[in-house]
Amino acid sequence: MRIFIASILVLVITSVMAVAGNTKHVKTEELLELGKKIYIRNCSFCHGINGGGDGPVAKFLNPRPRNFRSNVFKFRTTTSGSLPTDEDLFKTISRGIPGTAMQSFDSATNRRGLTENQRWAVIYHIQTMSDDPDYNLWVFDDEYAASDDPDDRADYRYNKVVDIKSPPPSTRETITKGKEVYKKAQCHTCHGVAGRGNGPSASKLKDEWKLPILPRDLTKGWRYKGGNEVADIFTRFTTGMNGTPMPSYSSSIGEEDRFALAHYVKSLQESVTKKRVLTALRVSEKLPTDPADLLWSGVEGIDIRLTGNVITKPRWQNITIDLVRIKAVFTDDEIAFRLEWNDRFQNREDTMALQFPVKQSAGEEKPHFLNGDENHPVNLWIWRADKDLVAELNATGYKNPFITQQVESQNVTGDASFIDGVWSVVMKRSLVTDDRNDTQFNTGGFIPLALNGWDGANGDTGTMKSISSWYLLRLEKPAPLKAFGIAALAVLLVIALEVYLTRRWRRDVTIQDRA
Amino acid sequence: MKSKKTGGGQFWWTTITIGIVLALIKYGIPWLSRWITGSDLPLPVPGTLFFFYTIIILAGTFVYISSDETTIVSFLAPIKSVFRGDYGKLFFFVVMAVTPVVAGYFVFAWVKPAVVASVTLRIQHPSSNFPKKYEALKNPMREPTDAQIDEFIEQANNNSVEYFPQVHDEGKQFTNIRHLPFGPVTKFLAKLHSGTTDRGLAQLALMEKRLFEGRALYQINCRPCHGVSGGGDGPMAYGFSLRPINFTDSGTIDTLVEGYTFWRIENGGPSLPPESTPWDSAMPVWKHDLTEIERWTIMLAEYDIAGVSPREPEKVAR
């Protein structure tokens, strides 16, 4: 009985705590005061002292930090054009905006983040920053409720349009239906037929401040700013994203269709491998330079994540090439790589480089992953869209310029294609060359491999590029005859043992039976 | 045929035990290391270690089984039954055919020259090339001098408080300290307006200004990797095989003397010795891009953001 009462108590307490976690804290003068301090310490460097989105960090960021004075907020559960609820703001601060500099401030995910009370405090402070006095929401809730002005009572918080209990389950039918809705609602004009954010209007989009803005590449789940779950996606269609060309579909598409669409969009998200070793497949046929060659479809590749160069000036945080899918095949004489990455716009300046150490040491020692160093040069195979050819370069550190190899040392060939927002580039060379500035591919070991990428349409140039850490390329040696011999011997031994034991144990039984 | 199906317990218990232990070694250790470090990749565990664990477990079970007659009999009972064909002819032939093939496969996999990545056991805080002169360095920004306090009071009076160029941001941001809503600053300014200067308050206000400035420099320069709250989780961090340090973790900057942290910021990844894999480090060489005083100011804020204090240098008698 005591245990029963205790468990009931625990249940009640935890559920009260859970509810308390979702309810907002009462707005008081003290909380506003605390909010201001927290804002200055944590938010002002990006969002500006007065909330203008103009702090000293802002100029390095794209998308720019929110301007809190403009009353324009993307992530809401309210009707298009209206303000977010306090809870919407709380959600954004708590989980951050993926793919941007806005990180989660939840003390549960980040030890030095903000507690719930601190997060509510800072939200109340942010709401005092509006330029428009009508939107200046420093007024306390009870004053609002008691106001004589009907406009005040018809306040933003009553414009809530989305209230998701639980989305319907995903089935083959909902996804097929969602695909039809995607077509009917013309999502593809911006987001592209395959969802790579490369639709025909993608390059012409502008936000409310006449700045260029890009439609989301829906295949990259980790870059959905408002969250990549079905409920999040549904909310974005329903409310639209204020300040962006993404409209609300709450009146034009029914709820059921919007859920189907959300399931379809969710199904477009591609998975990413976390492997760090690329195993090259040994084949006997001649290696193709055509990226569409059927040989490639039978090869297992890995996904390489790229991030911005934040190591040397000029630094660059606003990259678009953050994933390259790579495959490798080799024969007795040659090796070929195929690299594929999403790019909304084909551009003359699009460039991709594969990097290897010139010398491979027996131990762990490598050149620095960003273009080597003085004592450890790297060999780069660089493909440029404007020339549509692959050049061989060397580099000796990120502070030094790349050196193009002599014409007679250029022996990497390649080919590229750009189809529906995907660059596909093949680079091929003989395994071994007689140039001592080239990397040599010896089988039976690991060869470090890294990437540098430039998206021309994104303004990438020089050190403003996407970079990767070292990954490893593995070239298996064919198994020697000796290994087959030893394995065969083992098989014979086991068979002999089986025969011996069977005879012996069966004889034992007969002896026992006789006895 | 007389079948002896009783007493086979030992065999199954042994098989299950070995299975569980091997699974723990193979999947448990990597899972635990991922859980502890919070990283996607398990900590490297040498293959020889796995090998020795496996040998120890097999040897241990063997010793146990052969310890007395009844366990041996109990262990061998199910195996003997198979060989005697107690479970039917078909089962007997399947086992007899499959066993050599499986054995051959494992022997082949073992003998053939496999390419295995060597394991790097990395030393996070190397001291092999840490210059001794840094050991006792103190952050000069912690204790303002009298001259600095005087200068600050004058600047506050004239609305011409100086900030580092990056924070000042071409004049867009600050020329005074009125935007700092912190106790010492507001009290100091209130007194200043009424015509009195309180040096004690001025010192505290100056420290608030330095902390603010350090935070700004941190957010501009360090945040992309080390994160807005020092968690090593900045928006650029995912792409580096050596994850940026989480300053809030114990065992990072709180176990180091300030001079060490300063040296690491100054010289970055390339200055690390080979045992710390400098080729994987994305840490910039900040002496190229930040002045010495900017770096000390950042450190003031870095410890504050992480909520930890540096270790005091030990007083070594010479």
Residues of segment A:227-248 that turn out to be over 23 Å from the mean Cα position of the chain (by Cα), over 18 Å from A:Ile164 (Cβ atoms) and among the polar types (S, T, N, Q), as a count: 1
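If you scan segment A:444-487, which residues turn out to be among the charged types (D, E, K, R) and surrounded by 21 or more Cβ atoms within 10 Å (Cβ to Cβ)?
Here is the first cut: in segment A:444-487, the ones among the charged types (D, E, K, R) are A:455, A:460, A:465, A:474, A:476-477, A:482.
Matches in segment A:444-487: A:Asp455, A:Asp460, A:Lys465.
Is it fair to say A:Lys359 is part of a strand (DSSP E or B) and closer than 16 Å to A:Pro448 by Cα? Give the derivation first.
Details: part of a strand (DSSP E or B): no; closer than 16 Å to A:Pro448 by Cα: yes.
When the stated conditions are applied, A:Lys359 does not pass them.
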Hits in segment B:132-171 (condition: surrounded by 14 or more Cβ atoms within 10 Å (Cβ to Cβ), facing another protein chain (nearest Cβ under 10 Å) and either part of a loop (DSSP other than H, G, I, E, B) or not hydrophobic (A, V, I, L, M, F, W, C) (or both)): B:Tyr163, B:Phe164, B:Gln166, B:His168, B:Asp169
Qualifying residue in segment A:302-315 (condition: without any contact (Cβ under 8 Å) to a residue 24 or more places away in the chain and of a type outside the set (A, V, I, L, M, F, W, C)): no
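Yes/no per residue for (1) over 13 Å from A:Thr239 (Cα atoms); (2) free of Cβ contacts under 8 Å to residues at least 12 places away in the same chain:
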residue	(1), (2)
A:Ser70	yes, no
A:Thr78	no, no
A:Asp88	no, no
A:Thr100	yes, no
A:Ser104	yes, yes
A:Ser107	yes, yes
Residues within segment B:157-179 that are under 22 Å from B:Ala301 (Cα atoms) and in contact (Cβ under 8 Å) with a residue 24 or more places away in the chain, tallied: 6
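What number of residues within segment B:284-318 are aliphatic (A, V, I, L, M) and within 8 Å of chain A (Cβ to nearest Cβ)? Before you say what the answer is, go through the steps one by one.
First pass over segment B:284-318, keeping only residues aliphatic (A, V, I, L, M): B:285, B:290, B:293, B:298-301, B:305-306, B:308, B:316-317.
Subsequent filtering for residues that are within 8 Å of chain A (Cβ to nearest Cβ) retains B:305-306.
Count: 2.
Looking only at segment B:75-115, how many residues end up being among the charged types (D, E, K, R), within 8 Å of chain A (Cβ to nearest Cβ) and outside any loop (DSSP other than H, G, I, E, B)?
First, pick out the residues of segment B:75-115 that are among the charged types (D, E, K, R): B:80, B:84, B:86, B:89, B:112.
Now drop any that are not within 8 Å of chain A (Cβ to nearest Cβ), which leaves B:80, B:84, B:112.
After this cut, where a residue has to be outside any loop (DSSP other than H, G, I, E, B) as well, the list is B:80, B:84.
Looking only at that region, the number is 2.
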Subset of segment A:367-404 that is over 27 Å from the mean Cα position of the chain (by Cα) and of a type in the set (D, E, K, R) - its residue that is nearest to the other protein chains (Cβ to nearest Cβ): A:Asp373
Those residues of segment A:452-485 which are over 21 Å from the mean Cα position of the chain (by Cα) and aromatic (Phe, Trp, Tyr), in sequence order: A:Phe484
Subset of segment A:197-213 that is in contact (Cβ under 8 Å) with a residue 40 or more places away in the chain and surrounded by 20 or more Cβ atoms within 10 Å (Cβ to Cβ) - its residue that is farthest from the chain's Cα centre (by Cα): A:Ala202
Residues of segment B:180-232 satisfying the condition of being in contact with a Leu (Cβ under 9 Å, 6 or more places away or on another chain), in contact (Cβ under 8 Å) with a residue 60 or more places away in the chain and either surrounded by fewer than 22 Cβ atoms within 10 Å (Cβ to Cβ) or away from chain A (no Cβ under 14 Å) (or both): B:Met207, B:Arg210, B:Leu211
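Could you check segment A:362-390 and list, in sequence order, the residues that are among the charged types (D, E, K, R) and out of contact with any helix residue (DSSP H, G or I) (no Cβ under 9 Å at 6 or more places or on another chain)?
Taking segment A:362-390 first, the residues among the charged types (D, E, K, R) are A:364-366, A:373-374, A:384, A:386-388.
Correct list: A:Glu374, A:Arg384, A:Lys387, A:Asp388.
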Single unsatisfied condition, A:Thr433 versus (1) surrounded by 15 or more Cβ atoms within 10 Å (Cβ to Cβ); (2) outside any loop (DSSP other than H, G, I, E, B): (2)
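Residue check: is B:Ala237 aliphatic (A, V, I, L, M), under 29 Å from A:Arg315 (Cα atoms) and either buried (at least 23 other Cβ atoms within 10 Å of the Cβ) or in contact with a Ser or Thr (Cβ under 9 Å, 6 or more places away or on another chain) (or both)?
Details: aliphatic (A, V, I, L, M): yes; under 29 Å from A:Arg315 (Cα atoms): yes; either buried (at least 23 other Cβ atoms within 10 Å of the Cβ) or in contact with a Ser or Thr (Cβ under 9 Å, 6 or more places away or on another chain) (or both): yes.
Against the criterion (aliphatic (A, V, I, L, M), under 29 Å from A:Arg315 (Cα atoms) and either buried (at least 23 other Cβ atoms within 10 Å of the Cβ) or in contact with a Ser or Thr (Cβ under 9 Å, 6 or more places away or on another chain) (or both)), B:Ala237 qualifies.
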Residue match in segment A:277-296 (condition: modelled with pLDDT of 95 or more and polar (S, T, N, Q)): no
Candidate set from segment A:437-489 (those that are outside any loop (DSSP other than H, G, I, E, B), aromatic (Phe, Trp, Tyr) and within 12 Å of chain B (Cβ to nearest Cβ)); member that is nearest to A:Arg305 (Cα to Cα): A:Tyr471
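The values are calculated or read from the model by the stated rules, or taken from the named source; none is laboratory data. Remember, predicted model here, so these are calculated numbers, not experimental data. All Cβ positions, glycine included, derive from the backbone under ideal geometry; neighbour counts span all protein chains shown.
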